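Here is the structure we will look at, set down as structure tokens.
Coordinate-derived values only; no laboratory data. Every value quoted in this text rests on a predicted model; they were computed, and no experiment measured them. Heads up, the Cβs are rebuilt from the backbone with ideal geometry, glycines too, and the neighbour counts pull from every protein chain shown.
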């Protein structure tokens, strides 16, 4: 009997998380199979919208994956789109470097804040995936503009709660509040790695 309950709990935790007026925009994001770090994604929308995609690692932080930089617009037409993430250029052939970039548990990082700070793992580093910690791909969609500078400085890299639901709610709320979204918006989160 316990194994059936455990299996049911595992299935429930792997279900996508939906936020906002999901049925209006129906945003979805999926990782490319075989990538240990989300370098390429498939983004799908029911209606045209501006989108932002984050890697959310409960208890650690969030990383803005798309738009990959300030030169790329997050606006997309309805349908499916293949996108390259901010981690694609940072991809490392030696995944053990990910573990070496993180400080030992219980120690505080040193260095300067900002990109590449904290002793080599900054706000948009791959360090969030160390030790095979599971995370989520979170897509946020709105017809309103989602300024890259706000997303990259006020949402990406912030420490978030360790509980999965609290972490996803926190990042979604931060996006909504910092971009001042007042109209229709929707978000969708799925496990990463799948």
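Label separation (residue 82 vs residue 162): 4.0 nm, computed from points 7 Å beyond Cα along the C-beta direction. Straightening the chain between residue 184 and residue 44 buys 48.7 nm, computed as 0.36 nm per residue apart minus the Cα-Cα spacing. One chain, two ends: residue 23 and residue 154. Fully extended at 0.36 nm per residue, the span grows by 44.4 nm beyond their Cα-Cα distance.
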